[in-house]
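The values are calculated or read from the model by the stated rules, or taken from the named source; none is laboratory data. Not measured: the values here are computed from a predicted model. Reconstructed Cβ throughout: ideal geometry from the backbone, glycine too, with neighbour counts over all protein chains shown.
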Amino acid sequence: MFKVKSLFDAVETDDGLRLWVEPVGLTKDLAEWCAVHQSPPGLAPEAKLAAWFARHPDGYDFFRGRYHEDLRASPFFSTLRELAVMGQRENVTLLHQGEDPNQNTAAALHEFLSELQIYSPPQE
């Protein structure tokens, strides 16, 4: 199961693997303080798109669409598919630093991974 949380939300015992999807400014101290396990390559939107969204927070639908296109074309697509399958059998928390709890990079990634789950059979 996937959860979407702010980087600064409290760590919960059922968070499972905690992935920061916006690794800009991630330091070792911050990662430890926020209990970030990983910030895998290929999760973050391209810098230009992220900067655009930061300036246009009302443009979430455009941002999400472009981000999903980029994820589909990513050289890390097979890793994203593996992550989607992982979310079927264990908890994964996607962390963001946005102000809106519903319209942020982690929420957009969650939607993408949920769609991938539909086309990815669970593995045992």
Determine which single condition residue 67 fails, assuming it passes every other condition in (1) within 23 Å of residue 6 (Cβ to Cβ); (2) part of a loop (DSSP other than H, G, I, E, B).
(2)
Given the structure, is residue 53 in contact with a Phe, Trp or Tyr (Cβ under 9 Å, 6 or more places away or on another chain), loosely packed, with under 14 Cβ neighbours inside 10 Å and more than 21 Å from residue 1 (Cα to Cα)?
no
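Look at residue 103 and say whether it is part of a helix (DSSP H, G or I), out of contact with any Asp or Glu (no Cβ under 7 Å at 6 or more places or on another chain) and not β-branched (Val, Ile, Thr).
no
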Is it true that residue 84 is more than 17 Å from residue 15 (Cα to Cα), among the hydrophobic types (A, V, I, L, M, F, W, C) and surrounded by 13 or more Cβ atoms within 10 Å (Cβ to Cβ)?
no
Residue check, residue 44 of a type outside the set (Asp, Glu), more than 13 Å from the chain's Cα centre (by Cα) and over 21 Å from residue 1 (Cβ atoms)
no
For the stretch 2-50, what are the residues that are in a loop (DSSP other than H, G, I, E, B), at pLDDT 90 or above and not β-branched (Val, Ile, Thr)?
9, 10, 12, 14, 15, 16, 43, 44, 45, 46
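Out of 113, 109, 71, 94, report the one residue that is surrounded by 14 or more Cβ atoms within 10 Å (Cβ to Cβ) and free of Cβ contacts under 8 Å to residues at least 60 places away in the same chain.
Testing whether each residue is surrounded by 14 or more Cβ atoms within 10 Å (Cβ to Cβ) and free of Cβ contacts under 8 Å to residues at least 60 places away in the same chain leaves just 71.
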